[in-house]
Amino acid sequence: MEVLTDEEKIEIERRYNEIFDYCPHCRDDESRKLVRKAFEIANEAHKGMRRKSGEPYIFHPLAVAMICAEEIGLGTKSMICSLLHDVVEDTDFSLESIEKIFGAKITQIIDGLTKISEIFDENSSLQAESFRKMLLTLSEDVRVILIKLADRLHNMRTLDSMPEHKQLKVAAETLFLYAPLAHRLGLYAIKTELEDLSFKYKEPVVYKEIYKKLKDSEEEREVYIDIFCEPIKRKLNELNIRYSIKERAKSIYSIWTKMQAKNVPFEEVYDIFAVRIVFESFQELPEKNQCWYVYAIITDYYQPNPSRLRDWVSTPKANGYEALHTTVMGPQGKWVEVQIRSNRMDEIAERGYAAHWKYKEAGSDESQLEQWIKNLREVLENPNSNAIEFLDNFKMNLFSLEIYVFTPKGLLKRLPQGATALDFAFDIHSEIGYRSIGAKINHRLEPLSYVLKSGDQIEILTSEKQKPKKEWLEFVVTANAKAKLHDAFKNERRESIKKGQHMIEEKFNEYKLLPNPELFHKLFATYDVATKDEFYAKIGNEVISLEDFEQVIKTKRKNKIATYWDITFTKTTSLFGMSKNKKEDTEKLKQDVIEKDTSQSKKKKSLILSESVDTPDYTLSKCCNPIPGDKVMGFIESNSLIHIHKTTCPIAIKLMSNYGDRILSAKWTVHKVQSFLARIKINGIDRIGIVNDFTKVISEELNVNMRSVYFDSLNGVFEGNIDLYIHNASDLLHLMEKLKKIKGVNSVARVENIE
Ligand code: MN
């Protein structure tokens with residue numbers, strides 16, 4: 001066991017004592033004693049351990065505690081938990097002993113921290129799911145997340161000593177998950193640092209380049225800002241207002257994203273100067289008035305750009321940010337962005353909610369964080385919510401700017417940019433969402449898909465007869481509305497199951513058949529369904545047509561069903577590590593692959609799935625609706641069922657990048673009898689008889705059956721959908737080519753999602 005040098009011992013003690021300089025909450029005797037105790041336990045437990053950099057391990061928990069104190073402003077409990085955060089995970093020290101010494105609350109937080117690192121540090125690629133779990137712990141105690149962020153920040157600051165491939169993984173994860181989270185919690189400074197550090201490892205060359213350019217232009221910028229600020233400073237001094245003015249340094253990452261988004265060089269992004277004026281509350285006026293007072297002083301000297309005024313004072317952002325932003329014309333005709341904040345607002349902006357707690361007056365702040373956590377929980381607790389989809393929504397709601405709209409009675413609602421009238425309806429109440437038929441926006445009638453703008457006043461029109469529509473999913477953007485709609489469709493599915501069951505029972509009666517397992521097996525195999533529910537639902541929704549029912553039941557299972565179509569799978573090399581369970585799943589699958597392999601080439605580990613009627617192994621996914629002939633892949637769902645996607649399906653692409661270990665390559669082999677539902681979309685110039693031409697062409701095709709046709713014509717242009725039962729992709733392609741040749745047709749395309 002390595003021993004600490006005397007110098008190191010002194011340094012450890014010095015760093016420990018420094019915490020108290022920044023943590024005013026833990027200076028009383030009782031707190032000091034507890035923090036000391038935690039420090040001693042950690043020091044003892046990590047004894048002899050060193051970080052990759054060679055430093056004594058205890059430097060890390062000390063640094064995390066320091067970040068929590070200095071940069072987030074947390075108190076005694078958080079100091080204790082920071083010091084102990086790696087103890088349970090990395091040493092023999094148990095949670096029980098912590099509980100005995102520090103009590104239940106601290107134990108709960110440390111337990112949360114340990115669990116998070118367990119999910120995260122398994123080299124797994126399941127970030128989205130873990131992230132969801134992590135957010136769930138938010139509701140237990142937000143300190144778990146704050147300390148985890150501090151932990152991550154210190155690891156990022158010391159990332160240099162990690163091997164390169166680890167650096168990239170950690171950097172990507174930080175940029176993808178932790179930085180947005182810090183942003184959402186209002187920890188602006190931490191968010192910025194996390195982004196810059198991640199960027200430094202992900203794009204070292206670009207990072208260095210921007211860094212250098214920033215350095216080179218520093219002096220020039222300072223001179224300009226000095227000239228700009230001179231008259232403002234003079235006036236503020238005259239009025240005896242205490243303030244500080246800083247040039248607002250743009251982060252390297254934000255400069256780069258701007259360069260990317262606008263496709264402009266560094267110089268153009270950096271041509272916008274920004275200063276921040278932080279004043280101390282100076283009189284018996286509300287802070288809001290004081291902000292406008294400072295605004296008035298600035299605009300006495302410089303002309304403001306009215307379109308660039310942002311008032312986050314009257315209406316703070318969802319993450320608690322308050323400030324007044326304006327852009328004015330400075331000397332030499334250059335735009336300068338000015339941010340005006342009180343020192344309280346400034347602290348909230350830099351430190352987020354921790355600062356909120358500090359300033360919280362009784363009853364004045366119906367904490368928005370709590371509201372946010374509440375919303376989050378609602379979505380997370382829905383057992384069917386998909387982690388990746390959730391994360392997408394989370395990120396979208398996060399990055400998009402917010403808009404503010406009003407109810408007819410003038411109540412303010414906050415929604416993400418891009419939200420539609422229907423999102424608003426769901427925000428009011430799910431029942432209003434379900435029954436919406438239209439909206440009056442500023443007294444004008446608009447469709448539900450109307451994209452709201454800040455300041456809109458919205459009245460939702462409802463009807464008792466209205467039912468939720470699948471198309472609505474195409475234009476709602478809030479996680480809440482999406483979740484509510486999915487719920488509703490689940491209920492609808494229950495109804496189609498009932499309907500489908502009724503329909504098939506009638507068929508059985510018609511052919512005097514007694515339902516038995518043998519019969520169901522045959523039907524399942526033919527119609528490519530896994531369960532009775534799926535079977536009934538597809539019949540109820542007319543995805544399965546019972547037209548060829550007679551042919552199916554007369555088919556002898558042995559020689560026909562087994563040949564109608566096959567799909568073969570090969571396991572791709574695992575790209576990522578797997579959790580234990582996943583590993584087992586995959587092992588089992590590999591075993592299956594070998595056992596069921598009926599082909600000659602066992603080496604290829606291919607699997608003919610259509611024969612395994614008893615244990616349904618796969619299902620065609622509804623998002624992209626693959627048909628034989630399409631390029632496809634298999635994805636092992638959590639219930640170990642394999643979903644087949646087209647390789648071009650956006651959902652499949654997302655799955656591939658997130659769960660590399662659950663991908664199977666798949667190939668169609670033979671296909672002869674079964675029909676698949678496909679939809680094509682046609683548009684063109686309308687003329688009399690055109691629909692007739694379509695149906696004629698389709699009916700000439702022997703391998704195609706039409707299920708439904710829908711056409712709409714407006715101002716001489718038509719658009720329509722045709723649903724068809726077809727056997728494979730090449731038949732479909734052939735038909736589409738024929739349809740394209742019809743006079744007036746502009747485009748013919750296959751519709752992926754026909755749910
Ligand atoms: Mn740690």
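The values are calculated or read from the model by the stated rules, or taken from the named source; none is laboratory data. Here the structure is a predicted model, which is why all the values come from computation and not from measurement. Neighbour counts run over all protein chains shown; Cβ positions are idealised from the backbone, glycine included.
Per-residue answers, yes or no, for (1) at pLDDT below 85; (2) in a helix (DSSP H, G or I):
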| position | (1), (2) |
| --- | --- |
| 257 | no, yes |
| 267 | yes, yes |
| 281 | no, no |
| 285 | yes, no |
| 289 | no, yes |
| 294 | no, yes |
| 299 | no, yes |
| 320 | yes, no |
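Restricted to region 668-694, and to residues that are over 17 Å from residue 746 (Cα atoms) and loosely packed, with under 14 Cβ neighbours inside 10 Å, which residue is modelled with the lowest pLDDT?
Checking each candidate, the answer is 672.
For region 413-438, enumerate the residues that are of a type in the set (S, T, N, Q), under 18 Å from residue 492 (Cβ atoms) and free of Cβ contacts under 8 Å to residues at least 40 places away in the same chain.
436, the sole residue that qualifies.
So which residues in region 197-215 are surrounded by fewer than 16 Cβ atoms within 10 Å (Cβ to Cβ) and of a type in the set (D, E, K, R), if there are any at all?
208, 209, 212, 215
Determine whether region 179-188 contains at least one residue that is surrounded by fewer than 19 Cβ atoms within 10 Å (Cβ to Cβ) and modelled with pLDDT of 80 or more.
Scanning region 179-188 turns up at least one residue that is surrounded by fewer than 19 Cβ atoms within 10 Å (Cβ to Cβ) and modelled with pLDDT of 80 or more.
Based on what the data block shows, is residue 220 modelled with pLDDT of 90 or more and in a helix (DSSP H, G or I)?
No.
Look through region 184-227, keep the residues that are touching an Asp or Glu at 6+ places or on another chain (Cβ under 9 Å) and hydrophobic (A, V, I, L, M, F, W, C), and return whichever of them is nearest to residue 269 (Cα to Cα).
The selected residue is 225.
Could you please let me know if residue 147 is away from the ligand (no atom under 12 Å from the Cβ), at pLDDT 85 or above and either in a helix (DSSP H, G or I) or out of contact with any helix residue (DSSP H, G or I) (no Cβ under 8 Å at 6 or more places or on another chain) (or both)? Steps first, please.
Working: away from the ligand (no atom under 12 Å from the Cβ): no; at pLDDT 85 or above: yes; either in a helix (DSSP H, G or I) or out of contact with any helix residue (DSSP H, G or I) (no Cβ under 8 Å at 6 or more places or on another chain) (or both): yes.
Answer is no for this residue.
Looking only at region 48-92, which residues are more than 15 Å from the ligand (Cβ to nearest atom), within 23 Å of residue 26 (Cβ to Cβ) and not hydrophobic (A, V, I, L, M, F, W, C)?
Scanning region 48-92 gives 70, 71, 73, 75, 76, 77.
Looking at (1) buried (at least 16 other Cβ atoms within 10 Å of the Cβ); (2) over 28 Å from the mean Cα position of the chain (by Cα); (3) modelled with pLDDT under 90; (4) among the charged types (D, E, K, R), which is the one condition that is false for residue 464?
Single failed check for residue 464: (1).
Under 8 Å between Cβ atoms, which residue pairs at least 6 apart in sequence (or on different chains) link something in region 492-507 that is in contact (Cβ under 8 Å) with a residue 60 or more places away in the chain and farther than 21 Å from residue 553 by Cβ with a partner that is among the aromatic types (Phe, Trp, Tyr) and crowded, with 16+ Cβ neighbours inside 10 Å?
So the pair list comes out empty.
Each row is one residue, and each column tells you yes or no for (1) closer than 30 Å to residue 294 by Cα; (2) of a type in the set (Lys, Arg); (3) in contact with a Ser or Thr (Cβ under 7 Å, 6 or more places away or on another chain).
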residue	(1), (2), (3)
144	no, no, yes
149	no, no, no
170	no, no, no
177	no, no, no
181	no, no, no
185	yes, no, no
222	yes, no, no
230	yes, no, no
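Determine which member of the set 485, 448 is at pLDDT 90 or above, crowded, with 16+ Cβ neighbours inside 10 Å and not in a helix (DSSP H, G or I).
448
Restricted to region 323-351, and to residues that are of a type in the set (Val, Ile, Thr) and in contact with a strand residue (DSSP E or B) (Cβ under 8 Å, 6 or more places away or on another chain), which residue is nearest to residue 70 (Cα to Cα)?
Only one residue fits best here, namely 340.
What number of residues within region 150-207 are under 30 Å from residue 323 (Cα atoms), polar (S, T, N, Q) and within 16 Å of the ligand (Cβ to nearest atom)?
Selection size over region 150-207: 1.
Can we say residue 509 is assigned to a helix (DSSP H, G or I), closer than 22 Å to residue 414 by Cβ and not aromatic (Phe, Trp, Tyr)?
Working: assigned to a helix (DSSP H, G or I): yes; closer than 22 Å to residue 414 by Cβ: no; not aromatic (Phe, Trp, Tyr): yes.
So residue 509 fails the test.
Within region 729-755, which residues are at pLDDT 80 or above and part of a loop (DSSP other than H, G, I, E, B)?
Residues satisfying the conditions are 741, 742, 743, 744.
Answer yes or no as to whether residue 245 is modelled with pLDDT of 90 or more, surrounded by 14 or more Cβ atoms within 10 Å (Cβ to Cβ) and not in a helix (DSSP H, G or I).
The answer is yes for residue 245.
Taking the condition of being among the hydrophobic types (A, V, I, L, M, F, W, C) and more than 41 Å from the chain's Cα centre (by Cα), how many residues in region 505-527 meet it?
4
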